[in-house]
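Asks: Mind looking over this structure? Questions follow.
Quick note: the coordinates plus some simple rules give every number you see, no bench work behind them. All values derive from a computational prediction rather than experimental measurement. When we count neighbours, we look across all protein chains shown, and the Cβ atoms used for this are built from the backbone with ideal geometry, even at glycine.
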Amino acid sequence: MPEDADIIIIGAGPAGLSAAITLAKQDIRVLVIERESAGKEKVCGGGLGRRSIRLLDELTNNSFDYSKGNRINKLLVGAPDGSDLSLDFSGNKSLITGLTIVRGMLEDEMVRSINDNRNFTIRYDCEATKWKHTDNGVEVETNLGLFSAKALVIAAGAHPTREIEPDGYSPFNRESDAIALRAYFKNVDQNGNHDQIEFYFFKDVFPGYFWIFPQKESICNVGVYLPLRYKHQKGVNLQSLFYELIQEQSTLAGRFQNASLIGKIESSVLPLHKEKRVLSGDRFLVVGDSASLVDDLAGEGIGNALQSGIWAGEVLHNAFNNNDFSVESLRKYDLIINRKLVKELNWHARLMRFVGTKPRLFSLLVRKFSTSLSLNVSANKLATGASFKRLLFSSNFWIQILFSKW
Ligand SMILES: Cc1cc2nc3c(=O)[nH]c(=O)nc-3n(C[C@H](O)[C@H](O)[C@H](O)COP(=O)(O)OP(=O)(O)OC[C@H]3O[C@@H](n4cnc5c(N)ncnc54)[C@H](O)[C@@H]3O)c2cc1C
């Protein structure tokens with residue numbers, strides 16, 4: 001019997017859709033299975049950095065409609081001691097340096113960019129409940145029936161149905177990963193800075209943070225991010241903590257006085273990068289949150305979801321051409337992830353473990369970066385995608401740190 005598609009992708013988040021777009025553009029028939037309805041909003045901050053924007057441009061052949069989101073030109077970082085660092089990227093008008101977008105809208109735009117490609121099919125309200133190998137491929141069981149293909153991409157995020165997790169492996173670890181809460185508010189006082197995202201590393205949440213991400217139409221996506229590997233963050237009631245912060249922190253209280261909550265406050269988990277996880281196997285690849293690829297540095301996951309989807313698509317394209325979906329063939333994906341991503345993720349995790357227990361050092365660095373012009377330029381570069389490691393290993397950076405005013 002002919003297969004329903006060449007490749008089935010479970011999950012239409014950024015990871016699954018980027019794999020699907022990469023494959024469909026190569027004339028490979030993909031079927032994306034998504035358990036939610038089209039355009040469903042997701043629990044997320046919806047903050048996209050420069051790298052995510054570059055990847056979206058690449059995937060959509062520069063057709064992504066950024067007017068669906070809110071362009072970000074400024075960044076404010078508040079330190080535990082109350083000092084802050086303010087960065088402004090508005091100088092480069094031709095480059096989109098940051099964007100906030102309601103999740104659901106991001107996915108919709110990605111689907112729109114490929115929808116008229118005959119190789120691309122998406123089935124919403126379709127939940128994969130199980131999958132298994134057949135003689136020459138895979139078969140996925142869903143509430144809408146059975147679907148078959150040559151291979152599978154698991155892109156089901158941090159909460160896959162247990163039966164579709166590879167080898168029963170769950171991407172999220174309650175001891176060492178992170179949780180976050182998000183809420184939408186109208187009329188948060190932003191002092192006219194609707195193009196500025198804000199991170200506050202308050203003492204009570206450090207090295208987690210409180211964020212304000214302005215969206216379109218005077219609405220703000222507001223939330224708290226907590227990495228759970230820090231003892232003081234275990235067992236915390238996120239919602240109580242959130243209200244405490246907006247009511248009691250002097251930097252926030254006044255600004256939320258006339259603000260009103262829109263919809264429900266919701267929280268979810270972030271599977272931080274870890275060594276022990278499954279990336280590929282016989283006729284399957286795992287991408288995005290399902291592969292635990294969230295960056296420890298700030299809980300950013302969309303960029304790595306997009307990137308891993310692209311790499312998965314490229315490896316499957318190659319496997320398709322050679323008609324070889326074996327463990328050895330698909331292991332190329334592990335090699336790419338390990339070579340191009342894992343080093344950086346490990347490095348970020350180490351950096352977080354070091355600075356994450358030193359709020360005073362962090363505050364000192366924030367003060368230094370905000371008072372020294374040249375360090376401010378370096379911070380600007382970091383915020384728009386430069387590598388932390390490269391900066392920390394440049395002698396120029398240390399000269400700036402040592403010789404700027406203390
Ligand atoms: C509160 C919060 C705020 C965040 N803020 C940011 C941010 O500002 N910037 C950032 O970069 N990252 C942020 N993240 C992380 C980011 O949301 C994730 O890393 C990103 O969504 C991962 O993309 P993904 O495609 O791997 O998974 P997802 O986006 O979770 O997509 C998985 C998809 O699979 C579907 N699915 C699951 N199981 C099945 C099944 N059995 N059958 C069919 N479909 C299924 C789901 O419905 C979902 O649509 C945040 C996370 C949280 C919790």
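Asks: Roughly how many debye, to the nearest 20, is the charge dipole of the chain about its Cα centre, given +1 on each Lys and Arg Cβ, -1 on each Asp and Glu Cβ, and no other charges?
Replies: Dipole about the Cα centre, nearest 20: 1580 debye.
Asks: Once the Cα atoms of region 81-194 are picked out, what are the Rg and Dmax in Å?
Replies: In Å, with Rg to one decimal and Dmax whole: 21.1, 63.
Asks: Right, here's the next one. Short version: ³J(HN,Hα) in whole Hz for each residue of region 85-90, in order, from phi by Karplus 6.51 cos²θ - 1.76 cosθ + 1.60 (θ = phi - 60°), x for Gly and Pro, what are they?
Replies: 3J(HN,Hα) across region 85-90, in whole Hz: 10, 10, 10, 10, 10, 5.
Asks: Please work out how much length the chain gains when fully extended from residue 240 to residue 95, using 0.36 nm per residue of separation minus the C-alpha to C-alpha distance, in nm with one decimal.
Replies: 48.3 nm
Asks: Further question: Of all the C-alpha pairs in the chain, what % are more than 35 Å from each other? List each step's numbers first, then the result.
Replies: Values: 22653 of 82215 pairs.
When every Cα pair of the chain is considered, 28 percent fall beyond 35 Å.
Asks: How big is the C-alpha Rg of region 99-152 next to the rule-of-thumb value 2.2 N^0.38 Å, as a ratio?
Replies: Dividing the Cα radius of gyration by 2.2 N^0.38 Å gives 1.44.
Asks: Sticking with this one: Charges at C-beta only: +1 for Lys and Arg, -1 for Asp and Glu. How large is the resulting dipole of region 144-298 about its Cα centre, in Debye rounded to 20?
Replies: That gives a dipole near 200 debye.
Asks: Provide the FRET efficiency to the nearest 0.05 for the residue 170-residue 112 pair, computing r from the beta carbons and using R0 = 25 Å.
Replies: 0.15
Asks: Follow-up question, since we're still on this one. Rounded to the nearest 500, what is the 222 nm mean residue ellipticity of the chain from helices alone, with -39500 (n - 2.57) per DSSP H run of 4+ residues and division by all residues?
Replies: Helix-only estimate at 222 nm: -9500 deg cm²/dmol.
Asks: Provide the gained length on full extension for the span residue 43 to residue 335, in nm with one decimal, where the gain is 0.36 nm per separating residue minus the Cα-Cα distance. Present the calculation step by step, with values, prior to reporting the outcome.
Replies: Values: separation 292, 0.36 × 292 = 105.12 nm, distance 3.09 nm.
This chain segment gains 102.0 nm when fully extended.
Asks: Now for a separate question. Expected output is a single nm value to one decimal: the length gained when fully extending between residue 275 and residue 355, i.e. 0.36 nm times separation in residues minus the C-alpha distance. What is it? Spell out each step's value before the answer.
Replies: Working: separation 80, 0.36 × 80 = 28.80 nm, distance 2.10 nm.
Fully extending the segment from residue 275 to residue 355 adds 26.7 nm.
Asks: Could you tell me the largest-minus-smallest coordinate of the C-alpha atoms of region 1-134 on each of the three principal axes, in descending order and whole angstroms?
Replies: The Cα atoms of region 1-134 stretch 65, 32, 23 Å along their principal axes.
Asks: Dipole magnitude of region 232-352 about its Cα centre, charges +1 at Lys/Arg Cβ and -1 at Asp/Glu Cβ only, in debye to the nearest 20?
Replies: Working: 13 positive and 14 negative charges, 34 e Å.
That gives a dipole near 160 debye.
Asks: Over 20 Å apart: what share of the alpha carbon pairs of region 158-240 falls there, rounded to a whole percent?
Replies: Looking at region 158-240, the distances longer than 20 Å represent 48 percent of pairs.
Asks: Can you find, among 143, 155, 172, the residue sitting farthest towards the positive end of the charge dipole of region 51-178, where Lys and Arg contribute +1 and Asp and Glu -1 at Cβ?
Replies: Farthest along the dipole direction, towards plus: 155.
Asks: Another question about this same structure. Which one of 67, 280, 370 has the biggest mean-square fluctuation once the chain is modelled by GNM with Cα springs under 10 Å?
Replies: Among 67, 280, 370, the largest mean-square fluctuation in the Gaussian network model of the chain belongs to 67.
Asks: Mind sorting 161, 60 by how few other Cβ atoms lie within 10 Å of their own Cβ, fewest first?
Replies: Ascending Cβ contact count within 10 Å gives the list 161, 60.
Asks: Right, next: Find the centroid of the Cα atoms in region 253-309 and in region 77-115, then give the distance between the two in whole Å.
Replies: If we compute the Cα centre of each part, the gap is 16 Å.
Asks: Given N residues in region 265-374, what is Rg(Cα) / (2.2 N^0.38 Å)? Numbers along the way, then the final one.
Replies: Details: Rg = 17.9 Å, N = 110, 2.2 N^0.38 = 13.1 Å.
So region 265-374 has a normalised radius of gyration of 1.36.
Asks: Right, here's the next one. If a/c stays under 1.5 just call it rounded; otherwise compare a/b with b/c (prolate if a/b is bigger, oblate if not). Do that for region 139-186, with a ≥ b ≥ c from the square roots of the Cα gyration tensor eigenvalues. Kindly include the intermediate steps, with their values, before the conclusion.
Replies: Numbers: a/c = 3.23, a/b = 1.68, b/c = 1.93.
It comes out oblate by the Cα gyration axes.
Asks: For region 253-337, run through the trypsin sites (Lys or Arg not before Pro) and keep only the ones in DSSP coil with at most 14 other Cβ atoms within 10 Å of their Cβ.
Replies: Passing both the DSSP loop test and the Cβ count: 276.
Asks: Per residue Cα convex hull volume for region 304-352, in cubic angstrom? Could the numbers behind the result be given before it?
Replies: On the way: hull volume 3.2 nm³, N = 49.
Convex hull volume per residue, Cα atoms: 65 Å³.
Asks: Here is a further query. Could you please rank 225, 230, placing first whichever residue has the fewest other Cβ atoms within 10 Å of its Cβ?
Replies: 230, 225
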